[in-house]
Amino acid sequence: MGYVWSWQVIVQSFPMLLAGAGLTIRLTCIAVSMGILIGTFFGIGRVAKNALIFSLSSIYVNFIRGTPLLVQLYLVYFGIPALIGIPIPPLLAAYITMSVNSGAYVAEIVRAGIQSISRGQMEAARSLGMTYGQAMLHVILPQTFKRIIPPLGNEFIALLKDSSIVSVIALEELVRKGYLISGRTFRSFEIWTAVAFMFLFMTLPITQLVNYTERKLKKGD
Amino acid sequence: MIETRDLHKHFGRLHVLKGVSVQINQGEVICVIGPSGSGKSTFLRCLNFLEEPTSGQIFIDGQEITNKNETDINKVRAEVGMVFQQFNLFPHMNVLDNICLAPVKVRKLPRAEAEERAYALLKKVGLLDKAKAFPDQLSGGQQQRVAIARALAMQPKVMLFDEPTSALDPEMIKEVLDVMKDLGREGMTMVVVTHEMGFAREVADRVLFMDDGMILEENSPSEIFTSPANERTKMFLSKIL
């Protein structure tokens, strides 16, 4: 093994990698925010008594969770443009795919969260004359959101890592940058080690935060 | 005030209520007693439609609430207060917000007015100093008194109590029963499912004995406790008194 570790190549490529990490974070933040919006909506749909709303929500959740993210990305980036005849720019395709993907996972988190709230809460709210919607909004969901902060943190971490998949449609996030740099410098070991550690630096603080809120919430319950 | 006619309730194949007909008058305090699984709670929960009866009719204030086309159940529930065995306070809100939520959201009462009402009720249940406390900072008895205040804040015409003291430590039962006694004396119409025979004897105008989904006997407390007519009432009372 005559391999000599080069710090220099890491230092030189660091600004590029950092730019890649920037896109990774941006993608993840937007996808998770949209995912929470979409997921709340469909999570409520998954506990709905209305058969149509329940079915539609279930189809969405099962389709997304039962197919690879890569296939979903290809479907949005290649498939839909072929159907409608209008190209979708890679960044937009990435935002759409990841938001819709995240939404399905968040929907299941929200559903489980809602179902973990004791039935008596809904009954108490309804017995006071509140509508189903009022009871959801003022009584059930505030308690749900407090309870699902830890799993949402985990979803954020999972999505941050999965976002590397958009490198296949030439979006220069962290993994794509690593690929480009290592191809140019032939210093694969340094570059991929650096990429791995940059992911770690992004996920570790979130893991810590999740653990911290988990401990705090346990005390609160 | 409340009338039920031939109320039936099935849970799947389980026949829980087998034709309950009862009339409850304005200002009456009714205690419903009977063994576990006799359908008392189900009967009570049918009265505000937390359980939908399989068949039969319920009239509240002359309005048939079992007629779903013509009745807005939310409006009916606003007039029927309910107190649960497990209190069911909203844990993410302090006591004041627990009480004010429904009057503000349902009755559209201005917040200041709702708070004024809430403070008056807290005073009545003896918890004026707990307005800013959260439910998990209160004892069971205190939580249940807040739950009563919360229901009263809607100024209901009827109050339903579903075993309100069954989840309480013995030393806290009295403080809740005292609040309920006061309510009864003030003329509130009340239906109370309870195992507190002392309370039933002292406060109830009428006692209903339920077993196996039917009302087997109804009479004044003095009659039912001293000379029960039905065999099963006798058996039940002999076990618990």
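Points worth noting:
- Cα Rg over Rh - the range A:32-75, Kirkwood: 1.03
- Rough spin-label spacing in nm, given labels placed 7 Å along Cα→Cβ, for residue B:108 and residue B:223: 4.7
- The alpha carbons of the range B:107-160 occupy a box of 30, 26, 17 Å along the principal axes, longest dimension given first.
- Approximate spin-label separation residue A:118-residue A:203, in nm, with each point projected 7 Å along Cα-to-Cβ: 3.8
- Were the residues from residue A:55 through residue A:11 laid out at 0.36 nm apart, the gain over their Cα-Cα distance would be 10.6 nm.
- Among the residues of A:128-138, the average count of other protein chain beta-carbon atoms within 10 Å of the residue beta-carbon is 6.
- Projected label distance in nm at residue A:92 and residue A:132, using a 7 Å step from Cα toward the beta-carbon: 3.6
- In chain B the longest region clear of trypsin sites (Lys or Arg not before Pro) that are loop-assigned by DSSP and have at most 14 other C-beta atoms within 10 Å covers B:133-241.
- Sum of -39500 (n - 2.57) over DSSP H runs of 4+, divided by residues of chain A (222 nm, nearest 500): -25500 deg cm²/dmol
- Screening chain A for whole DSSP H helices of 24 Å or more along their axis (Cα) with average Kyte-Doolittle hydropathy at least -1.0 returns A:7-45, A:90-116, A:188-220.
- Debye equation applied to the C-alpha atoms of chain A, log10 I(q)/I(0) at 0.14, 0.18 Å⁻¹: -0.94, -1.25
- Kirkwood Rh in Å, taken over the range B:134-221 so that all alpha-carbon pairs contribute: 13.9
- Of all segments of chain B bounded by GluC sites (Glu not before Pro) found in a DSSP loop with no more than 15 other C-beta atoms within 10 Å, the longest spans B:71-185.
- Cα pair count fraction exceeding 20 Å, expressed as % - the range A:98-159: 33
- Directionally averaged projected area (the range B:56-188, Cα convex hull): 8.9 nm².
- Computed from phi, the 3J(HN,Hα) profile of the range B:38-46 under the Karplus parametrisation 6.51, -1.76, 1.60 (θ = phi - 60°) reads 7, x, 4, 5, 4, 4, 4, 5, 5 Hz, with x in place of Gly and Pro.
- As computed over the range B:1-42, the Cα convex hull volume per residue (Å³): 69
- Size descriptors for the range B:177-232: radius of gyration and Dmax over Cα atoms are 11.8, 35 Å.
- Angle between chain B longest axis and helix B:140-152 axis [Cα atoms, degrees, rounded to 10]: 90
- Placed amide H near residue B:216: partners under 5 Å, 5+ positions off or other chain: B:209, B:210, B:211
- Computing FRET efficiency as 1/(1 + (r/R0)^6) for residue A:62 and residue B:238, where r is the C-beta to C-beta distance and R0 is 51 Å, gives about 0.35.
- Candidates A:128, A:23, A:75: whichever shows maximal mean-square fluctuation once chain A is modelled as a Gaussian network with Cα springs under 10 Å: A:128
- Average Cα contact separation per residue, the range B:1-97, under 8 Å, 6 or more apart, as relative contact order %: 28
- If R0 is 41 Å, the Cβ-Cβ spacing of residue A:158 and residue B:68 corresponds to a FRET efficiency of close to 0.35.
- Taking a point 7 Å out from the Cα of residue B:139 in the direction of its Cβ, the residues of the range B:81-121 whose backbone N falls within less than 19 Å of it are B:85-89, B:95.
- 10 Å Cβ neighbours from other chains, averaged over peptide B:92-103: 3
Every number in this text was worked out from the coordinates using simple rules, so none of it is lab data. Every value quoted in this text rests on a predicted model; they were computed, and no experiment measured them. Cβ: placed from backbone, ideal geometry, glycine included. Neighbour counts: every protein chain shown.
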